[in-house]
Amino acid sequence: MALGNIAQQFLRQLDIDLVAYVAQVGPVETDSEKPLDVSEIRQKIFQNDMHVIDQDKVEDLHQLISVQRLRKRVIHWAELYAW
């Protein structure tokens, strides 16, 4: 975590703004809107605890994770995008 913060500060000095979000977990795709602006992405992902763009998918993700925990399974597919 500390190294990530240091790297982010370094990148800011180079006018590079980095943001990452969850695009898909298992069968649930969460980036249907795909705004191109980094500030729009940041605004949307910090509105929920799953860091996804599509707010309508947050409950689907919570349900998927709950079911997988009950079954004691690991979710093998997740996508993360960084801009």
> By how many nm would the segment from Ala20 to Gln63 lengthen if fully extended, with 0.36 nm per residue of separation less the alpha-carbon distance?
Replying inline: 13.2 nm
> Non-local amide H neighbours of Ala23 (under 5 Å, H modeled in plane, Pro and chain starts lacking H): which ones?
Replying inline: Glu79, Leu80, Tyr81
>> Treating only the Cβ of Lys, Arg, Asp and Glu as charged (+1, +1, -1, -1), what charge dipole size does region 20-67 show about its Cα centre? Round to the nearest 20 debye.
In response: 140 debye
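Read-outs throughout are calculated quantities, based only on the coordinates presented, and are distinct from any laboratory measurement. Just so it is clear, the model here is predicted, and its values are computed rather than measured. Counting neighbours? That spans all protein chains shown, and the Cβs are built from the backbone with ideal geometry, glycine included.
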